[in-house]
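Read the figures in this text as sums done on the coordinates, not as results from a lab. Just so you know, these numbers come straight off a predicted model, no measurement behind them. Reconstructed Cβ throughout: ideal geometry from the backbone, glycine too, with neighbour counts over all protein chains shown.
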């Protein structure tokens, strides 16, 4: 289990598939009688165009699974703009067909997001079922290092959204309230750097690290296809080690 008791799953590469995983976990929590528990699942605007998303909403609604669906609407599914994905006026309203409460929030407003998430989680934990939150935001950087945003959006558009960056926006708010300043920020940055450096050192110092461990958890029992992939991976790893020795 992860340290500190957190139950955090790794990133799902298949777009939208994590919504199904979340509902399955939420249903299991409800079935096992885990009170005061809920699942928070993150996905992008592109995922709302996938069938998995609708199946997840339908199942969560039907079985009142304690799940909060948080859609990070950053305006682009890689290079496909929001306007080319759907005719829905909002992404939040896609939950209405499943009788799931929904809300559209300024995703760059830290306090607004906190309030919406807290309310949705309280509903889920108290047996009120799922909620869909659409966080309207923007992806300031490229989708991946192989992506070139300038091919599908303008510099002017990026600059306009950069003015709404939630970090300096929240920093300004806290400073105006007199509860934040440069000295506190410098101290926080130093504390975060220390934590990150310690975690990296601890990870690199592991002696019992098993590089093929991910293959152990694909299926409940060994499968010949997975074992073949494991063997190929270990062979490539050994080849790389030999070449770099």
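Counting every pair of alpha carbons in region 3-164, the share spaced more than 19 Å apart comes to 56 percent. Springs between Cα atoms under 10 Å define the GNM used for the chain, and in it the highest mean-square fluctuation of 121, 91, 188 occurs at 188. Considering all C-alpha pairs of region 139-213, those separated by over 14 Å amount to 77%. Across region 12-126, C-alpha contacts under 8 Å between residues 6 or more apart give a mean separation that, scaled by the residue count, equals a relative contact order of 28 percent.
Comparing 195, 25, 14 in a Gaussian network model of the chain, where Cα atoms under 10 Å apart are tied by springs, the biggest mean-square fluctuation is seen for 195.
Summarising the label geometry, the points placed 7 Å from Cα in the beta-carbon direction at residue 7 and residue 216 lie 2.1 nm from one another.
Footprinting exposure proxy ranking of 225, 161, fewest other C-beta atoms within 10 angstrom first, gives 225, 161. With only the Cα atoms considered, region 14-95 has a convex hull volume of 81 Å³ per residue.
Beta bridges per DSSP, both residues in region 3-164: antiparallel share near 10 percent.
Cut-off 10 angstrom, C-alpha nodes, Gaussian network model of the chain. Which of 186, 158, 204 fluctuates the most? Top of the fluctuation ranking is 204. Applying the Kirkwood pairwise sum to the alpha-carbon positions of region 176-231 produces a hydrodynamic radius of 15.4 angstrom. Counting beta carbons within 10 Å around each of 103, 78, 192 and listing the fewest first gives the order 192, 78, 103. Reported to the nearest whole Å, the Cα centre-to-centre distance from region 133-207 to region 1-67 is 26. The order of 215, 209, 233, going from fewest to most other C-beta atoms within 10 Å of their C-beta, is 209, 233, 215. The helix-based estimate of mean residue ellipticity at 222 nm for the chain, built from -39,500 (n - 2.57) per DSSP H run of four or more residues and divided by its residue count, is -14000 deg cm²/dmol to the nearest 500.
Taking 7 Å steps out from each Cα toward its Cβ at residue 84 and residue 119 produces label points 3.5 nm apart. Sequence gap at least 6, Cα distance under 8 Å: using those rules, report the relative contact order of the chain to the nearest whole percent. Relative contact order here is 15 percent.
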